[in-house]
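The values are calculated or read from the model by the stated rules, or taken from the named source; none is laboratory data. Note that the structure is predicted; figures quoted are calculated from it, not measured. Glycine gets a Cβ as well: all are built from the backbone with ideal geometry, and neighbour counts include every protein chain shown. Calculation scope for accessible area: heavy atoms of the full protein, side chains included, ligands and nucleic acids excluded. Shrake-Rupley method; radii C 1.70, N 1.55, O 1.52, S 1.80 Å.
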Amino acid sequence: MMEGIQLVRVDFRLIHGQVITKWSKLTDAKSIIVVNDQLAADEFMADIYVMAAPPGMKVDVISKDQFVKDAEDGKFDSGKILVLFKNIEDAREVVEKGVKFKLLQVGGLGSGNGRTSVVKGISVDKTDIANLAFVQDQGAEVTFQVTPEEPKLSLEKASKKVR
């Protein structure tokens, strides 16, 4: 199931230089699916992300419910797909609705009140750790990694930095 998904990533920046130039090439992705209810409902903003992709890269901006339906319908069983979530909560909600990921990569989350930097460019709080632990308990390996050149940090090691 969902063998076409090459990478599932949480990155508040969504489509940006590192995703396009590094992760899409590394995974040989031919399409990007941005999963976010607000962007799916805002055609103007969705178009901006579509235009940010390189020529030839197909981009779809869809809601969480549409993503779940498409997963159930087998739309991700083939292809070379990069899935992007803007936040951890959206990824957890999709998993709560029955979607199973092999890997969830956290790649970019900004700092702020009560957030702890676990890797340069990735800050989380206790709620994020709890949500990621839920996703991992459902079978996904959860890792933190901004770029392919940097080492992966496990959820276990990241959670120790937050406590």
Shape parameters for segment 72-163, alpha-carbon atoms, Rg then Dmax in Å | 13.4, 40
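When each pair of different Cα atoms in the chain is counted once in the 1/r mean, what is the Kirkwood radius in angstroms, to one decimal? Kindly include the intermediate steps, with their values, before the conclusion.
On the way: mean 1/r = 0.0633 Å⁻¹.
Roughly 15.8 Å, rounded to one decimal.
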State the extension gain, in nm to one decimal, for the chain segment bounded by D125 and E72, taking 0.36 nm per residue of separation less the distance between their alpha-carbons.
-> 16.0 nm
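Calculate, for S117 and E149, the FRET efficiency according to 1/(1 + (r/R0)^6) with r their C-beta to C-beta distance and R0 30 Å; round to the nearest 0.05.
0.95
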Taking Cα atoms, how many degrees apart are the long axis of helix 43-52 and the longest axis of the chain, rounded to 10 and kept between 0 and 90?
-> 90 degrees
So what are the ³J(HN,Hα) numbers for segment 131-148, from phi and the Karplus equation (6.51, -1.76, 1.60; θ = phi - 60°), rounded to whole Hz, Gly and Pro as x?
-> 5, 5, 4, 4, 4, 5, 4, 8, x, 8, 7, 9, 9, 10, 6, 7, 10, x
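Quick check on my link table: of K22/K120; K75/K100; K75/K126; K97/K120, which ones sit more than 22 Å apart, alpha carbon to alpha carbon? Intermediate values should be presented prior to the final figure.
Details: K22/K120 17 Å; K75/K100 14 Å; K75/K126 34 Å; K97/K120 31 Å.
Check vs 22 Å cut-off fails for K75/K126; K97/K120.
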Based on the mean of other Cβ atoms within 10 Å per residue, sort peptides 79-91, 39-51, 59-71 so the most packed one is first.
-> 79-91, 59-71, 39-51
Among beta bridges that DSSP assigns inside the chain, antiparallel share in %, nearest 5 = 20 percent
Roughly how many Å² is the accessible area per residue of the chain, as a whole number, for a 1.4 Å probe?
-> 49 Å²
